[in-house]
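S.K.: One structure follows; several queries about it will come next.
The values are calculated or read from the model by the stated rules, or taken from the named source; none is laboratory data. Worth saying up front: this structure is predicted, and the values here are computed from it rather than measured. Methodologically, a virtual Cβ is constructed for each residue, glycine included, from the backbone with ideal geometry; neighbour enumeration extends over all protein chains shown. Side chains are part of the model used for accessible areas, which takes the heavy atoms of the whole protein and leaves out ligands, DNA and RNA. Shrake-Rupley method; radii C 1.70, N 1.55, O 1.52, S 1.80 Å.
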Amino acid sequence: MNIEVLQNYCLSKKGTTAEFPFDEHTLVFKVMNKMFALVGLEKWESGNQFINLKCDPDKALELRDEFPDDIYGAYHMSKKHWNSVNVNSNVPTKRLITLIDYSYDLVVANLTKKQKETLNNLDS
């Protein structure tokens, strides 16, 4: 998966924005101003292509056990709640899409009632 496909997929999620809140190299995808995915563009361009995704702590550990070389505790993030996933690895593209969806859904589930209403009222 290339960066354009990844970016387009993340941005296709309802209420999602792409921002650079930390620096000009860290692309952050947010839903209702809450992070669900991050990509280090400088690392991506140098061949270290990974995405950080939000994850339930128990599921995060299961995924790390299932893909020990390709999914690991996210760099510079809470390793309890975030995984780094190597994009061009043994993790099937379909599984990567599922993990992006899971991260997005996890963040949406934790939005306030008002934020959920606002999200639901957005045009798709």
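S.K.: Stick to Cα atoms and the Kirkwood definition of Rh, then tell me Rg/Rh for the stretch 1-94.
M.R.: Over the Cα atoms of the stretch 1-94, Rg/Rh equals 0.94.
S.K.: Let me ask something else. Per-residue ellipticity at 222 nm for the chain, helices alone: DSSP H runs ≥ 4 residues times -39500 (n - 2.57), over residue total, nearest 500 deg cm²/dmol?
M.R.: -12000 deg cm²/dmol
S.K.: Okay, moving on. Suppose all protein chains stay in the model; what accessible area per residue would a 1.4 Å probe give for the chain, in Å²?
M.R.: 57 Å²
S.K.: Just 46, 12, 84 to compare: in a GNM of the chain, with alpha carbon springs under 10 Å, which one fluctuates most?
M.R.: 46
S.K.: Something else: How big is the charge dipole of the chain about its Cα centre, in debye rounded to the nearest 20, if each Lys and Arg gets +1 on its Cβ and each Asp and Glu gets -1 on its Cβ?
M.R.: 500 debye
S.K.: Rank-order 60-69, 94-103 by packing density, defined as the average count of other C-beta atoms within 10 Å over each peptide's residues, highest first.
M.R.: 94-103, 60-69
S.K.: Quick one: of 13/114; 34/59; 14/80; 79/116; 79/113, which pairs are farther than 23 Å apart, Cα to Cα?
M.R.: Distance filter (> 23 Å) returns 14/80; 79/116; 79/113.
S.K.: At 1.4 Å probe size, with the rest of the protein present, what percent of the exposed accessible area of the stretch 7-105 is carbon and sulfur atoms?
M.R.: Carbon plus sulfur share of accessible area: 49 percent.
S.K.: Something else now. Can you give the extra length, in nm with one decimal, that the chain gains between residue 119 and residue 34 once fully stretched, where that is 0.36 nm per residue apart less the Cα-Cα distance?
M.R.: Fully extending the segment from residue 119 to residue 34 adds 29.4 nm.
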